[in-house]
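The values are calculated or read from the model by the stated rules, or taken from the named source; none is laboratory data. Computed from a predicted model, the values in this text were never measured in an experiment. Positions of Cβ are backbone-derived with ideal geometry, glycine not excepted, and every protein chain shown enters the neighbour counts. With ligands, DNA and RNA removed, areas are computed over all heavy atoms of the protein, side chains included. Shrake-Rupley method; radii C 1.70, N 1.55, O 1.52, S 1.80 Å.
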Amino acid sequence: KGRNGKGCVVLFAAGNGNENVMYDGYANYHQVIAVAACNDTNRRSVYSDYGRNVWCCFPSNDFGYKPFNHPAPLTRGIYTTDRLNSAGYSPGNYTDDFGGTSSACPGVAGTVALMLSANPDLTWLQVREILKETSEKIDLANGQYDVEGHSIFYGYGKVDAERAVKKAAELKTGTPHPEVKIISALINPAGTDKGQEKISILNTSASDIDL
């Protein structure tokens, strides 16, 4: 019921136990966007949880692990603000080793905030679908993507903030021709005629319109 019925967008860190996300009642909830972690070489962070409910992934830290033949990352982690002076992780006010899916999740949350700033009319379901549509498929050799483009390790891919925000803006309500109405939209629910959907529109004005 949040956002005047458009729904609140809730994200949750997938977890850092290298286990199935199904064991986490929050991240496994179907109305939550569960975020896994990948590293700076477009591989799964060795600790990141996985599973059917992982929706997407975002860069975070990682470490090498020989038993899994998992190479070390190129950088320490995500650079971000820190608690001031000696109270933080680093002597200064910034740290370069923020990590875990607790680091990946706010990256996607920030992307969603940008999407909603570009188009506040998006529903929570539209936000999910935009992330699904615009994310980058990484690690194709090991990602185990299924026919729907979903990977248990990366969800629908690594979030691309630029593409997601642009797509959100494209869907902004309002049209240069409000007098044009869609009167029918027919698709095959089996999805076998992709690209051949039939849409009928009606010009309710008294003049010609160049679409």
request  = Report the relative contact order of the chain, percent, no decimals, based on alpha-carbon pairs under 8 angstrom and at least 6 residues apart.
outcome  = 18 percent
ask   = Helix 161-170 versus the longest principal axis of the chain: what is the Cα-based angle in degrees, 0 to 90, to the nearest 10?
value = 20 degrees
Distant-in-sequence amide H partners of Cys38 (H built 1.01 Å from N, under 5 Å) = Ser45, Phe58, Ser60
ask   = Which values of log₁₀ I(q)/I(0), to two decimal places, follow from the Debye formula for region 12-88 at q = 0.17, 0.21, 0.22 Å⁻¹ with a uniform point scatterer at every Cα?
value = -0.70, -0.91, -0.95
task = Kindly state, to the nearest 0.05, the FRET efficiency for Asp146 paired with Ser90, given R0 = 35 Å and r defined as their beta-carbon distance.
result = 0.30
task = Work out how much length Lys181 to Phe63 would gain on full extension: take 0.36 nm times their residue separation and subtract the Cα-Cα distance, in nm to one decimal.
result = 37.0 nm
For the chain, share of DSSP beta bridges that run antiparallel, in % to the nearest 5 = 55 percent
request  = Please turn the phi angles of region 96-110 into ³J(HN,Hα) values with the Karplus equation 6.51 cos²θ - 1.76 cosθ + 1.60 (θ = phi - 60°), one per residue in order, whole Hz, x for glycine and proline.
outcome  = 10, 10, 5, x, x, 5, 5, 8, 5, 4, x, x, 6, 4, x
key: Karplus-derived 3J(HN,Hα), 6.51/-1.76/1.60, for each residue of region 39-45, Hz, glycine and proline x   = 9, 7, 10, 6, 10, 5, 5
key: Orientation-averaged projected area, Cα convex hull of region 52-211 (nm²)   = 14.2 nm²
remark   = Between Gly15 and residues 5 or more places away or on another chain, the pairs with built amide H atoms under 5 Å apart involve Asp49, Thr101
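Tell me the carbon and sulfur percent of the accessible area for the chain, rounded to whole percent, probe radius 1.4 Å. Walk me through the intermediate numbers first.
On the way: 6900 of 12720 Å².
Ligands and nucleic acids excluded, carbon and sulfur reach 54 percent.
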note = Here FRET efficiency (C-beta to C-beta, Glu162 to Arg76, R₀ 30 Å, nearest 0.05) is 0.75
inquiry  = What Kirkwood Rh does region 1-140 have if only Cα atoms enter the pairwise 1/r average? Answer in Å.
reply    = 16.0 Å
note = At R0 = 45 Å the Cβ-Cβ FRET efficiency linking Lys198 and Glu19, nearest 0.05, sits at 0.45
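From the square roots a ≥ b ≥ c of the eigenvalues of the alpha-carbon gyration tensor of region 44-117, which class results: rounded (a/c under 1.5), prolate (a/b over b/c), or oblate? Don't skip to the end; give the middle numbers.
Values: a/c = 2.67, a/b = 1.11, b/c = 2.40.
Judged from the Cα gyration tensor, region 44-117 comes out oblate (a/c at least 1.5, b/c at or above a/b).
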ask   = Which of Ala141, Ala27, Ala13 moves the most in a Gaussian network model of the chain with Cα springs under 10 Å?
value = Ala141
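In percent, what relative contact order does region 1-110 have, based on Cα pairs under 8 Å that are 6 or more apart in sequence? Display every interim value, and only then the final one.
Numbers: 248 pairs, mean separation 27.3, N = 110.
Relative CO of region 1-110 lands at 25 percent.
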